[in-house]
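The values are calculated or read from the model by the stated rules, or taken from the named source; none is laboratory data. The model shown is predicted, which means the values in this text are computed figures rather than measured ones. Glycine also receives a Cβ, built like all others from the backbone with ideal geometry; neighbour counts cover every protein chain displayed. All accessible areas refer to the heavy atoms of the entire protein, side chains included, with ligands and DNA or RNA removed. Shrake-Rupley method; radii C 1.70, N 1.55, O 1.52, S 1.80 Å.
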Amino acid sequence: MNGKLAGSNFVTNWGSFGFFGPLTVFPELWDQHIAQRLLGPTMDLFHQWGVREAGLFTFAHSPKHIGLYQKFGCWPRFLSAIMSKSASGREVYSVKYSALNQRDQDQALSACRKLTDSIYEGVDVTSEIRSVRNQNLGETLLMWGGDSLDAFAVCHCGEATEAGRDACLIKFAAVRPGSSTENVLERLLDACEALAAERGLQRMEAGVNLSRSLAYRQMLRLGFRTDLLGVAMHRPDSPAYNRPDVFVVDDWR
């Protein structure tokens, strides 16, 4: 506006699913429809990418925010919890993506795509894995069961990342559907804590949609406590991969 930055919106492409946020507007320009002017091109971008469903995390207590996003076809569904706990440093074996050679990294990316596709067709978070590796933001942990990937977690570690000082943030983690998902999720979260302790970080942070009730309850049992509650809004009004039997931990902020 008048040659100066008025606001911005960060838009993420996870294959068949996309989300946006944070959306920011300079305070002196609030109530001048800047957010709406950002959201129009955002929806166009989702269409260009061919995402089947899109979402966002916003303040559950704010009718103003919810009303704004509803104008663009986004509808509130379940609450999402941003949770944390102290990092205990319990040792659990996992494979670090950064330690693999190029051929094995390519195979790992393919396995991660296959795992997320089994949860929601077309979801692909390998761009997150590459970004963490290329920008030295943290680490991706892989847990194998024989020839198949049981689970993986993309983690940001410390300052100059989304985690912030003294924290390890699980940006995205997923467990392959199966009979032992709760046990695998526990081992995966323990491995993330071990990574945090290795990096000298004191705190774990992770988000989970409360419609993934089994994963949420497992995190409570493991000592995670809720710091912030928001609401996940979806476009269209459908659950995407937010289902009770899905063991996914993610952060849409």
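Computed values, structure above
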{"item": "Whichever residue in segment 64-110 is of a type in the set (Phe, Trp, Tyr) and assigned to a strand (DSSP E or B) and, among such residues, is nearest to the chain's Cα centre (by Cα)", "result": "78"}
{"item": "Selection from segment 1-24 of residues that are more than 16 Å from the chain's Cα centre (by Cα) and either more than 26 Å from residue 209 (Cα to Cα) or small (Gly, Ala, Ser) (or both)", "result": "1, 2, 3, 4, 5, 6, 7, 8"}
{"item": "Selection count where residues are part of a loop (DSSP other than H, G, I, E, B), closer than 20 Å to residue 131 by Cα and either open to solvent by less than 20 Å² (accessible area, probe 1.4 Å) or free of Cβ contacts under 8 Å to residues at least 12 places away in the same chain (or both), scope segment 161-200", "result": "3"}
{"item": "Qualifying position, being exposed (fewer than 13 other Cβ atoms within 10 Å of the Cβ) and aliphatic (A, V, I, L, M), among 99, 87, 108", "result": "99"}
{"item": "Meets criteria (modelled with pLDDT of 95 or more, of a type in the set (A, V, I, L, M, F, W, C) and not in a helix (DSSP H, G or I)) for residue 54", "result": "yes"}
{"item": "Unmet criterion (only one of (1) open to solvent by 30 Å² or more (accessible area, probe 1.4 Å); (2) assigned to a helix (DSSP H, G or I); (3) among the aliphatic types (A, V, I, L, M)) for residue 35", "result": "(1)"}
{"item": "Selected residue (only one of 78, 57, 72, 26 is more than 24 Å from residue 207 (Cα to Cα), touching a residue at least 40 places away in the same chain (Cβ under 8 Å), open to solvent by 30 Å² or more (accessible area, probe 1.4 Å) and not charged (D, E, K, R))", "result": "72"}
{"item": "Selected residue (criterion: surrounded by the fewest Cβ atoms within 10 Å (Cβ to Cβ)) from residues of segment 201-249 that are outside any strand (DSSP E or B) and basic (Lys, Arg)", "result": "221"}
{"item": "Complete set of residues in segment 167-182 that are out of contact with any helix residue (DSSP H, G or I) (no Cβ under 9 Å at 6 or more places or on another chain) and at pLDDT 95 or above", "result": "169"}
{"item": "Selection count where residues are in a loop (DSSP other than H, G, I, E, B) and either surrounded by 22 or more Cβ atoms within 10 Å (Cβ to Cβ) or at pLDDT 95 or above (or both), scope segment 147-160", "result": "3"}
{"item": "In segment 2-31, the residues that are assigned to a strand (DSSP E or B) and farther than 30 Å from residue 114 by Cβ", "result": "7, 8, 9, 22, 23, 24, 25"}
{"item": "Residue match in segment 126-146 (condition: at pLDDT below 95 and either part of a loop (DSSP other than H, G, I, E, B) or under 12 Å from residue 97 (Cα atoms) (or both))", "result": "yes"}
{"item": "Within segment 114-137, considering residues that are among the basic types (Lys, Arg) and touching a strand residue (DSSP E or B) at 6+ places or on another chain (Cβ under 8 Å), the one least open to solvent (accessible area, probe 1.4 Å)", "result": "133"}
